[in-house]
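The values are calculated or read from the model by the stated rules, or taken from the named source; none is laboratory data. Note that the structure is predicted; figures quoted are calculated from it, not measured. When we count neighbours, we look across all protein chains shown, and the Cβ atoms used for this are built from the backbone with ideal geometry, even at glycine.
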Amino acid sequence: MEDFKDRTALVTGAGRNIGRAIALAFADAGANVGIIVHSNRSEAESAADEVRSRGVRSAVAVGDIGDAKAVERMVSEIVGELGPIDYLVNNAAYRPRQSFMDISIEDWDQIIRSNLSSVFYLSRRVLPSMAERGFGRIINIGGPDGIHGALDRAHNVACKSGLIGLTKAIALEFGEQGITANMVIPGSMDTTRNEKDYPGWEAHVSSLKDLRQKSSLAIPRLGASEEIAWAVMFFASAKSSYVTMQQLYVAGGLWGLP
């Protein structure tokens, strides 16, 4: 509890699912929480109200994290209300399913900006203040795509692979300044997604709930958002101050893609 009191976490994509669970975990630990979402302000405000119910402060910013100017504005809004960022959790990502030849140049550019460039923009915005204060945690939410590859997700595979390298680069460059950078890699999670933005998601989750599709899991079930949040809190805690440049799989013992 004392590790997090009077500190501030910034979590992207915190309106629902994994991001919301992470925001609430920080609040339970005593940290103030900034929430960034792409467009659904009501969902974000609902999450912020839940954070505040834990007795800490929260602030919401809405915009496109794939736009460097929007990131500057949003982080400035959060910092203006809550103070400098101590923990940055890059959780938000857009993962449509498209075959390689169906990915247009515009699709490719959008996913690269949203899923990879955004982490650079956000990290670049908060790292100088972290370095000045001699403390900071960058925690990136990755995905099995970046390690195993995936069908119909070439753009996301490229982003998640790139995120592994970016995390290592930040860890190496800023370690002497009291900053760590690590990744949590979720497996197949029991989450809710908009069918319009993620076509085929409900059918995908339904198939995963069939035990025959879980032969590649040592623990044959979908993961819960809170299980990712607990892993994030380990990397955020003072107890992990000598842990950096690492990838923690929270995936039920995934050894192959279902």
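Condition (residue is more than 30 Å from Ile85 (Cα to Cα), modelled with pLDDT of 80 or more and either aromatic (Phe, Trp, Tyr) or in contact with a Leu (Cβ under 9 Å, 6 or more places away or on another chain) (or both)) applied to region 150-157: is it met by at least one residue?
Step one: list which residues in region 150-157 are more than 30 Å from Ile85 (Cα to Cα), which gives 150-154.
Checking which are modelled with pLDDT of 80 or more leaves us with 150-154.
This time we only want the ones that are either aromatic (Phe, Trp, Tyr) or in contact with a Leu (Cβ under 9 Å, 6 or more places away or on another chain) (or both), so: 150-151.
Looking through region 150-157, at least one residue is more than 30 Å from Ile85 (Cα to Cα), modelled with pLDDT of 80 or more and either aromatic (Phe, Trp, Tyr) or in contact with a Leu (Cβ under 9 Å, 6 or more places away or on another chain) (or both).
So is Arg95 closer than 16 Å to Ile36 by Cβ and out of contact with any Lys or Arg (no Cβ under 6 Å at 6 or more places or on another chain) or not? First the steps, then the outcome.
On the way: closer than 16 Å to Ile36 by Cβ: no; out of contact with any Lys or Arg (no Cβ under 6 Å at 6 or more places or on another chain): yes.
No: the conditions fail for Arg95.
Hey, does region 235-242 have a residue that's at pLDDT below 80 and surrounded by 15 or more Cβ atoms within 10 Å (Cβ to Cβ)? Lay out the reasoning, then the answer.
The first filter runs over region 235-242 and keeps only residues at pLDDT below 80, leaving none.
Scanning region 235-242, I find no residue that is at pLDDT below 80 and surrounded by 15 or more Cβ atoms within 10 Å (Cβ to Cβ), so the answer is no.
Using the structure shown, decide if Asp6 is assigned to a loop (DSSP other than H, G, I, E, B), buried (at least 16 other Cβ atoms within 10 Å of the Cβ), among the charged types (D, E, K, R) and free of Cβ contacts under 8 Å to residues at least 60 places away in the same chain. Reasoning before the result, please.
Values: assigned to a loop (DSSP other than H, G, I, E, B): yes; buried (at least 16 other Cβ atoms within 10 Å of the Cβ): no; among the charged types (D, E, K, R): yes; free of Cβ contacts under 8 Å to residues at least 60 places away in the same chain: yes.
When the stated conditions are applied, Asp6 does not pass them.
Six or more apart or on different chains, Cβ under 6 Å: which pairs go from a residue in region 57-77 that's at positive phi and small (Gly, Ala, Ser) to one that's buried (at least 23 other Cβ atoms within 10 Å of the Cβ) and at pLDDT 95 or above? Could you list them?
Gly63/Met74
Regarding region 40-60, can at least one residue be identified that is within 23 Å of Ala181 (Cβ to Cβ) and either at pLDDT 95 or above or out of contact with any His (no Cβ under 9 Å at 6 or more places or on another chain) (or both)?
Within region 40-60, the first condition is being within 23 Å of Ala181 (Cβ to Cβ), and the residues that meet it are none.
No, region 40-60 contains no residue that is within 23 Å of Ala181 (Cβ to Cβ) and either at pLDDT 95 or above or out of contact with any His (no Cβ under 9 Å at 6 or more places or on another chain) (or both).
Keeping to region 73-103, report how many residues are of a type in the set (S, T, N, Q) and either modelled with pLDDT of 95 or more or part of a helix (DSSP H, G or I) (or both).
First pass over region 73-103, keeping only residues of a type in the set (S, T, N, Q): 76, 90-91, 98-99.
So of that shortlist, the ones also either modelled with pLDDT of 95 or more or part of a helix (DSSP H, G or I) (or both) come out as 76, 90-91.
Residues that pass the stated criteria total 3.
Are any residues in region 243-258 at pLDDT 95 or above and either surrounded by 20 or more Cβ atoms within 10 Å (Cβ to Cβ) or more than 19 Å from Ile164 (Cβ to Cβ) (or both), and if so, which ones?
Listed by number, the list holds a single entry, Thr244.
The rows are residues; the columns are (1) within 28 Å of Gly253 (Cα to Cα); (2) in a helix (DSSP H, G or I).
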| residue | (1), (2) |
| --- | --- |
| Phe120 | no, yes |
| Arg124 | no, yes |
| Ile138 | yes, no |
| Gly143 | yes, no |
| Ala150 | yes, no |
| His155 | yes, yes |
| Gly165 | yes, yes |
| Lys168 | yes, yes |
| Glu173 | no, yes |
